[in-house]
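Below is one structure, written out as structure tokens; the observations come after it.
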Amino acid sequence: MSDNINSLINTITVGTSIKGDIQANGDFRMDGTLEGNITLTGKLVIGEQGHVVGNVVCQNANVIGIIDGNLSVKEFLTLYATSRVKGDIVANKLAIEPGAYFTGSCHMLDELSD
């Protein structure tokens, strides 16, 4: 049964606003607004109307909306054309579509130093 729990995707929908930190095992989709930090063991998707004001730590991330805070992504981070990120990024691999907005510093993880 624990495999089923880890395969579920937690979702905060459009029109929902939360203040506080989120910690979750598995994947998470944010289409609402969060004032707080997100720490995940899985993949984070910030939808086009999603907005996070806080720091993010996760395994993988697709940012389509807005993040005002630092991102630490252990594997792969994709910033889509509609994304807006104001903060520092640490990632193993990074893809940025034309049109994406990013302001801050970026540090790529060194796979060979682990």
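Can you tell me how many residues in segment 56-96 are outside any strand (DSSP E or B) and either farther than 19 Å from D31 by Cβ or in contact with a Pro (Cβ under 9 Å, 6 or more places away or on another chain) (or both)? Before the answer, list the steps.
Step one: filter segment 56-96 for residues outside any strand (DSSP E or B), giving 59, 64-65, 69-70, 80-83, 87-88.
Remaining after also requiring either farther than 19 Å from D31 by Cβ or in contact with a Pro (Cβ under 9 Å, 6 or more places away or on another chain) (or both): 59, 70, 81, 87-88.
Count: 5.
Collect the residues in segment 14-52 that are within 11 Å of the chain's Cα centre (by Cα) and either on the phi > 0 side of the Ramachandran plot or surrounded by fewer than 19 Cβ atoms within 10 Å (Cβ to Cβ) (or both), keeping them in residue-number order. It would help to see each step written out before you state the result.
Filtering segment 14-52 for residues within 11 Å of the chain's Cα centre (by Cα) gives 27-30, 37-40, 42-47, 50-52.
Within segment 14-52, R29, N37, T39, G42, K43, H51 meet the criteria.
If only residues of segment 20-40 that are at pLDDT 95 or above and not in a strand (DSSP E or B) are counted, the one that is farthest from T78 (Cα to Cα) is G20. Restrict the check to segment 82-91 and report whether at least one residue is surrounded by fewer than 19 Cβ atoms within 10 Å (Cβ to Cβ) and either touching a residue at least 60 places away in the same chain (Cβ under 8 Å) or in contact with a Phe, Trp or Tyr (Cβ under 7 Å, 6 or more places away or on another chain) (or both). Scanning segment 82-91, I find at least one residue that is surrounded by fewer than 19 Cβ atoms within 10 Å (Cβ to Cβ) and either touching a residue at least 60 places away in the same chain (Cβ under 8 Å) or in contact with a Phe, Trp or Tyr (Cβ under 7 Å, 6 or more places away or on another chain) (or both), so the answer is yes.
The values are calculated or read from the model by the stated rules, or taken from the named source; none is laboratory data. Because the structure is a prediction, the values reported are computed rather than measured. Positions of Cβ are generated from backbone atoms using ideal geometry, with glycine treated the same way; all protein chains shown enter the neighbour counts.
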